[in-house]
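Structure first, commentary second.
The values are calculated or read from the model by the stated rules, or taken from the named source; none is laboratory data. These numbers come from a predicted model, not from an experiment. Note that each Cβ is placed from the backbone with ideal geometry, even for glycine, and that neighbours are counted across all protein chains shown.
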């Protein structure tokens, strides 16, 4: 009777275990169908069933021998060898091609390995990455050559070692049968196979993780009488820990887990007495093998911890001002193995474990949770939880779970072993063999189909497109000048096309630069191949190039999956040279009537034939930068016209303001005798005169309109700074990448503080802080970056929440009003405009459309479609509405254009604006002008309704109208008075400007140097050496003397000395208690005298000079001044006595004598 009850109990446990399997299968199926709640419900029931089924299993007791009879030693070794062979085959089969691609991190590791082979000195850390893996990869490169096979074999090597260490620990902790089952699952795991082929250093972690635990376990179980063996195991464990710390950051959590386990054993009777020698050996070996990296960590802590700090979730918590990002990571982590993995490589948005592994993993958790009172389950679960922490406290990335995932697979093996024990107790151990065979076959077939087979899954993150480009260029790089778009010109191209002995960190091929290479202006002596991403705008670009180089041909580059990923544009050398020059027409009379001959003149001088009496040369001049240009003609009587305007005649010079692009050029000459030839000479601004290079003269009939320079005309206004507020930070009134801006009629400014995920409200009068609202998140009332702003009737502030794909609304007092336009109706929304009828226009960049909504969020209209043609969008960003004319303007960041529409969406015009890039916004200002920010140009463009660019100042000056240089300005808006408000985004500032007449802006003071009275003194400059990065430069600073400040301010007058150059960069004052105050010349308030200019090289005038790369700053400069005005500045600082220093940055005293006077 007792035996029958016992047997019935076992059958009941087995039934519950099998019922749990059915429930788990239903749960996993539901999760894969994206039914999260249903799937979790089934899994909860399954977990409960397994906890009950396996609770208090005798075989998990520490003092109980393995329940199944031991395997014969030879059979065990044979089975283990078979498992390793299977694992090896799965890791080397078609190693070069599967998965097809090479990740950016894998190629970066390869480049460092190549640097090591070049003899680079030893460094334990490279770009905050441990370098041990790079040295192993360098060894494989030495043996097999630097190729893709050798790169991946490095990972295979550690992957196989990981299988061995995994087996040894599992066998030591349990028995050979469980070790074989778990190792087979590990060997066939798609997760581990992926990292075993990746070229990533993360694959090292399981090797040293399991080896360290194995050695410690062997040491604890060693016979105390065999001291050498015991100490040896402890020493080997220390070696594994020291080496493991040289692998990848998550191993640091493994060390904590191992240390806590060892500490938990210390209270046990006799532990220290038996193991104190071993513990000392363990500590010494750990320190020795971690030593070089450890010392580096002590002396370079910031760099050592840089990656951990960069991915730490603390920044997101501070932005959200709550723990919500942490809880979000915890939720994601609980689902990562069965529902959706966290990550941006390899396992993005899919379970980290395959279906069988995922079900078995939860089963193993059930086994362990039923035995928390036992030491081995506690050890495994504690170890597992610690290994999960990198996924909790960092940005989501599946590779950071590299220490935890093998344990999850071990749990799956533990579950199968628990089933085996139950079956053995009921019907004998042989019953389980068919089950294990079925699991093994299904696992192998599944792994082959999803990872190795002809219909295999495309593993995201291997970047097949970059490898395709790299392999394509390998033969071409020997014959052509290759230009590669930046997206492709990464480590993959550099590694595959590496030239032995060269610097692997210098790009093998130049990066294609749209601004420099269309048209081609590099020194070229052979055919050119340009590699571009397969995108609509690049198809348009090819059409543009064909107008210059009609013989070009285009080839599609495909990856290993047969997908078109890039375009190769081949331009023959003859086609390039044929485009350069001017089209010449020579006439037999002196009135350009009787045509004698036509030809293309490729070079200067332009020499007419002897029998010609007049000549005309036509073509197009390419200008790289917006600015003022001066032209001269040498060789005889001639007249030069550019853009239809005369700019030079008969040896004289002329000036013209030109925008970037092609400008029609015509040169006419009446030939009165033999001519040595005509030459065209130019200079930009106050630069040096030079012959116009042939790469800037084009003999084409008509270049594409998108490359034509915009016409310009003078604008009699400039902009005077009223106030600037902000600075980087999260405190009220500070900003972190402010994007957009809006102004209401009540005198308040609203700023989208994008990286702080909040809106700030300021006073328009002085920029002072009023209020803030919003935080990081996805819930209503929370924000996720790059917010567009617009004010509607009734004080409603509309906010486009780009990464949450919606438009939300607040009152101007910060009260949340709701989600107006939900996800789906807009995608990646950027700028918003409120129309006079209260409708909203939204740039829905994800839809590549402009969409019109009623105030309640009802979609009323949409226009635009994806593409690079007229009326099409690639990435619409900025919006502006001209109510007086009924015009809508759209900036497209990836087409680099401004498009003009009617309010009904009818396309009217489009013009190229090279400065329109990633976050270029627009606004209609005074007199209907269109203002467009150009972040990469650090300026703001102005156009009229016809697309004519308006130049501040007269046509012949064209200086930028901002007192100080901007740093990636993005958002802009105007108030009712026409004042301009601007987000100086990369400086984390908000600025207000007022329009003033140019004459007032340029006015110079009548005060001369001789008018300075009192304590003027000449200051001799003494050089001292400083370092900026890797560049040594001289910093000139003068010790002026002691000064006493009373009343909280100090007035300083600075003047130039006639006959000398003058450079005024900063004042530095040091108080008696060592506090230092520094005042930059361009930032101080100038109370009298000169306001200085941004135009360089002006005589009798101070002008702003950039000193990069010496200091990265600016100073005020006057060259050989005679009557340069006095500058008087007032600086505010606490009362007291200070040492004063006057500073300037210069590169070389040979530039000329410097002198300056100072009065205070």
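Things to note:
- Test: residue in segment 467-487 that is touching a strand residue (DSSP E or B) at 6+ places or on another chain (Cβ under 8 Å), exposed (fewer than 15 other Cβ atoms within 10 Å of the Cβ), more than 19 Å from residue 103 (Cα to Cα) and at pLDDT 90 or above: no
- Of the criteria (1) out of contact with any strand residue (DSSP E or B) (no Cβ under 8 Å at 6 or more places or on another chain); (2) at pLDDT below 80, which one residue 311 fails: (1)
- Single residue of segment 613-629 satisfying the filter (surrounded by 15 or more Cβ atoms within 10 Å (Cβ to Cβ) and either modelled with pLDDT under 90 or within 40 Å of the chain's Cα centre (by Cα) (or both)) that is farthest from residue 938 (Cα to Cα): 620
- Residue within segment 66-84 that is under 30 Å from the mean Cα position of the chain (by Cα), crowded, with 17+ Cβ neighbours inside 10 Å, assigned by TED's automatic domain parsing to the domain that holds residue 246 and in a loop (DSSP other than H, G, I, E, B) present: no
- Residue within segment 699-719 that is at pLDDT 80 or above and not in a loop (DSSP other than H, G, I, E, B) present: no
- Residue 422 being touching a helix residue (DSSP H, G or I) at 6+ places or on another chain (Cβ under 9 Å) and in contact (Cβ under 8 Å) with a residue 24 or more places away in the chain: yes
- When residue 39 is tested against (1) out of contact with any helix residue (DSSP H, G or I) (no Cβ under 6 Å at 6 or more places or on another chain); (2) crowded, with 17+ Cβ neighbours inside 10 Å, only condition (1) is not met.
- Spans of strands (runs of 3 or more DSSP E) in segment 609-673 with at least 2 residues outside the structural domain of residue 515 (by TED's automatic domain parsing) and closer than 22 Å to residue 516 by Cα: 614-623, 627-634, 653-658, 661-670
- Criterion (assigned to a helix (DSSP H, G or I), surrounded by fewer than 22 Cβ atoms within 10 Å (Cβ to Cβ), out of contact with any strand residue (DSSP E or B) (no Cβ under 6 Å at 6 or more places or on another chain) and in the same structural domain as residue 65 (by TED's automatic domain parsing)) met by exactly one of 168, 230: 168
- The residues in segment 631-654 that are surrounded by 16 or more Cβ atoms within 10 Å (Cβ to Cβ) and under 27 Å from residue 706 (Cβ atoms) can be counted, and the count is 6.
- Within segment 856-871, the set of residues being at pLDDT 90 or above and surrounded by 17 or more Cβ atoms within 10 Å (Cβ to Cβ) comprises 857, 863, 864.
- Residues of segment 884-902 that are touching a strand residue (DSSP E or B) at 6+ places or on another chain (Cβ under 8 Å), at negative phi and surrounded by fewer than 16 Cβ atoms within 10 Å (Cβ to Cβ): 902 alone.
- Scanning segment 577-600 for residues that are free of Cβ contacts under 8 Å to residues at least 60 places away in the same chain and assigned to a strand (DSSP E or B) yields a total of 9.
- Against the list (1) touching a strand residue (DSSP E or B) at 6+ places or on another chain (Cβ under 8 Å); (2) farther than 30 Å from residue 678 by Cα; (3) assigned to a helix (DSSP H, G or I); (4) at pLDDT 90 or above, the condition residue 495 fails is (1).
- Restricting attention to segment 161-175, the residues being touching a helix residue (DSSP H, G or I) at 6+ places or on another chain (Cβ under 6 Å) and in contact (Cβ under 8 Å) with a residue 12 or more places away in the chain number 10.
- For segment 245-338, the helices (runs of 4 or more DSSP H) that sit wholly inside it and include 1 or more residues that are touching a helix residue (DSSP H, G or I) at 6+ places or on another chain (Cβ under 7 Å) and more than 17 Å from residue 212 (Cβ to Cβ) are 271-299, 301-304, 314-320, 324-335.
- Check on residue 842, in contact (Cβ under 8 Å) with a residue 12 or more places away in the chain, touching a strand residue (DSSP E or B) at 6+ places or on another chain (Cβ under 9 Å) and over 22 Å from residue 801 (Cα atoms): no
- So residue 242, is it crowded, with 19+ Cβ neighbours inside 10 Å and not in a loop (DSSP other than H, G, I, E, B): yes
- Out of 221, 177, sole residue that is more than 30 Å from residue 310 (Cα to Cα), modelled with pLDDT under 95 and buried (at least 24 other Cβ atoms within 10 Å of the Cβ): 177
- Unmet criterion (only one of (1) crowded, with 22+ Cβ neighbours inside 10 Å; (2) at pLDDT 95 or above) for residue 192: (2)
- Of the residues in segment 445-453, not one is more than 41 Å from the chain's Cα centre (by Cα) and in contact (Cβ under 8 Å) with a residue 60 or more places away in the chain.
- The strands (runs of 3 or more DSSP E) located wholly in segment 787-885 that include 1 or more residues which are within 26 Å of residue 926 (Cβ to Cβ) occupy 788-792, 796-801, 829-834, 840-844, 849-853, 876-882.
- Residue 296 touching a strand residue (DSSP E or B) at 6+ places or on another chain (Cβ under 8 Å), assigned by TED's automatic domain parsing to the domain that holds residue 440, surrounded by 15 or more Cβ atoms within 10 Å (Cβ to Cβ) and closer than 23 Å to residue 254 by Cα: yes
For every residue, the table says whether it meets (1) assigned to a loop (DSSP other than H, G, I, E, B); (2) under 25 Å from residue 785 (Cα atoms); (3) modelled with pLDDT of 90 or more; (4) touching a helix residue (DSSP H, G or I) at 6+ places or on another chain (Cβ under 9 Å).
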site: 889; (1), (2), (3), (4): no, yes, yes, no
site: 894; (1), (2), (3), (4): yes, yes, no, yes
site: 901; (1), (2), (3), (4): no, no, yes, no
site: 911; (1), (2), (3), (4): no, no, no, yes
site: 915; (1), (2), (3), (4): yes, yes, no, yes
site: 942; (1), (2), (3), (4): no, no, no, no
site: 950; (1), (2), (3), (4): no, no, no, no
site: 959; (1), (2), (3), (4): yes, no, no, yes
site: 965; (1), (2), (3), (4): yes, no, no, no
